[in-house]
1. Return the total of residues in the range 163-192 being crowded, with 19+ Cβ neighbours inside 10 Å and part of a strand (DSSP E or B).
2. Collect the residues in the range 81-109 that are in contact (Cβ under 8 Å) with a residue 60 or more places away in the chain and farther than 25 Å from residue 288 by Cβ, keeping them in residue-number order.
3. Which of the helices (runs of 4 or more DSSP H) contained wholly in the range 210-329 include at least 2 residues that are among the acidic types (Asp, Glu)?
4. Step by step: first the residues of the range 133-150, then only those that are of a type outside the set (Asp, Glu), assigned to a loop (DSSP other than H, G, I, E, B) and free of Cβ contacts under 8 Å to residues at least 40 places away in the same chain, then the one that is farthest from residue 212 (Cα to Cα). Which residue is that?
5. Given (1) within 22 Å of the chain's Cα centre (by Cα); (2) over 18 Å from residue 275 (Cβ atoms); (3) aliphatic (A, V, I, L, M), identify the lone condition not met by residue 184.
6. If you scan the range 347-393, which residues turn out to be out of contact with any strand residue (DSSP E or B) (no Cβ under 8 Å at 6 or more places or on another chain) and either under 14 Å from residue 333 (Cα atoms) or β-branched (Val, Ile, Thr) (or both)?
Amino acid sequence: MSPGITIYIFQYSYPHSNQYLLTLNSLLLNLNTLKKLFWKVIYSSLGIISLISCNQNNKHELKTTEEIVEHYSMKFLSDDRIHSVSIAIVENNNEYTFHFGEQNPGKNNPPTDSTLYELASVTKTFTGTMVAKAVLDGKISLDDDIRKYLPEDYPNFEYNGEKITIKNLITHTGGFPNMIPTMANKNEFWEGLHQVTINSEPGTEFHYSNTAPEITAFILEQAYGIQYQKLVQNFILSPNDMTNTKFNLNERDKELLIQGYNGDNEPQEHYQNNLWGGISGLHSNTLDLIKYIKYLLNDSIPEVKESHKNCFSTQYDFDIGYHWNIVKIDGEICYRHHGGIWGMQNWFMVFPESNIGIAVLSNASFQGNLLSPGIDERLEDLALNIKKELSAR
C-alpha cells in the first residue's frame, strides 16, 4: 500500500484519536525507514560476500529472463512462511509469467496464469487513473473542494479555512486518518466522517489514508453519473481486455482465488469491501496484469500520462502522482504501489524509460522486525533484483 511500508487495510481507531493516530503513523513510518536502512546494509554486505564468492568459484552468470527470475524466486521462497509467488513481466514488449511454490502447504499445487490474487491497495492505481481521466474529460478539477460532491454537509472538512481538494485526496495530503471506525457500509461511512478532525493544513503533509480514496470513488460516481466499479470496467478493464480482473467474483472465480496465509501458516479470510472499491477490492491474475503493465507503459494514452504527473513531494523521499508512488531507482523513475491485506501481498512497478514493468504476488502476509524483514520488503527486493538484472544485460 505504500512505498516500502507495511500499512494494512484493517487498522482499528477510535473517535477523537486522530491526532494520536497521525503521530503514531509518523513514528511507525520512521521506524520502518530505520529498519529498511538496516536491511539495506545487511543485504549490501551479503551482496559483496556473494560477489566475491561468485568470482572465486567462477559461477555461471544469470543471462536469460527465466534464469534471473527463477534464481531470485527460489531465494524468496526459502522462508517456510512463504508458499508461492507469481510474477508478471513486460520487458521491451516481451511478455512473461512465472509461478513457483505451491498454493497450499504440502499440496504440490503451484499457482497458474489463471490463479486470482487480491490486489489490495494496488486497486488505488485504478482509482488514480480514473481521476486522471475525469480531469481530462472536464468532469472534475483537482482544485475542486471535495464538499461540492458529497451528500451531506461537512464543515469539519477544512483546516483554518483551507479547503480539502481532490488533489489532496489522491496524494494523501487531505489530513484524513488512515481508517475511520465506521467503514462497514456506506451509511456508516458518511456518518463516521462527521467525527473526523483535520489536524494539518491540506496539501502540506503526507499521511497515508484508506479513507480518502473511498471519497474519491464516490466523487467519480457523481461526476460521471455511473457507479465507480462500472467506470473502472468501462474505461480501463474492457478496453484492455482484462476479463479476469474483477471486483465481484462468481463461483468459478472463487475456485481460482488463492488462499492467503499469515506468518503462522494460518488461512486468512478474504477481504470484502462494502464501500465503493476506491481503496481495495480488485482481483486479478498474471495474464491480466501483463495487459495492465502494457497499458501503463504507454504514455501516448492521455490518462496514463496524466496519472504519472508529480502532484506532491512527500517528507519520505518519494513523490506522489495520481495515487502512484514515484521514486527514482538506479537513476530511473519508477511508478509503483504496494498492496497488502490479510494473507496477501503484492508489488506493482513500471519503469517507462527502460520499458519494463513487473508485478510480484504472494499468498502470505507477515510483518518484519529489526531481525527479519517483512514479506512486503522481501517482495520489493524480489522485484527490484529482477529489474536490476534485466537492465544490466
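Every read-out reported here was derived from the displayed coordinates using simple, explicitly stated rules and does not represent laboratory data. Keep in mind it's a predicted model, so treat the numbers as computed, not measured. In this analysis, Cβ positions are derived from the backbone assuming ideal geometry, glycine residues included, and neighbour counts consider all displayed protein chains.
1. Pass one, the range 163-192, residues crowded, with 19+ Cβ neighbours inside 10 Å: 164-180, 183, 189.
Right, trim to part of a strand (DSSP E or B) and you get 165.
The total comes to 1.
2. Within the range 81-109, 81, 105 qualify.
3. Numbers: elements: 212-224, 228-232, 251-256, 286-296, 302-307.
Counting at least 2 such residues, we get 212-224, 251-256, 302-307.
4. At the first step, the residues of the range 133-150 found to be of a type outside the set (Asp, Glu) are 133-136, 138-142, 146-150.
Narrowing the set further to residues that are assigned to a loop (DSSP other than H, G, I, E, B) leaves 138-142, 149-150.
Applying the additional criterion that residues be free of Cβ contacts under 8 Å to residues at least 40 places away in the same chain yields 138, 141.
Values: 138: 21, 141: 16 Å.
Taking the candidates together, the pick is 138.
5. (2)
6. Quick first cut of the range 347-393, residues out of contact with any strand residue (DSSP E or B) (no Cβ under 8 Å at 6 or more places or on another chain) only: 367-374, 377-378, 381, 385, 388-389, 392-393.
Selection gives 388 alone.
Every residue, every condition in (1) within 15 Å of residue 122 (Cα to Cα); (2) polar (S, T, N, Q), yes or no:
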| residue | (1), (2) |
| --- | --- |
| 188 | no, no |
| 196 | no, no |
| 206 | no, no |
| 228 | no, no |
| 236 | yes, no |
| 262 | no, yes |
| 271 | yes, no |
| 287 | no, no |
| 302 | no, no |
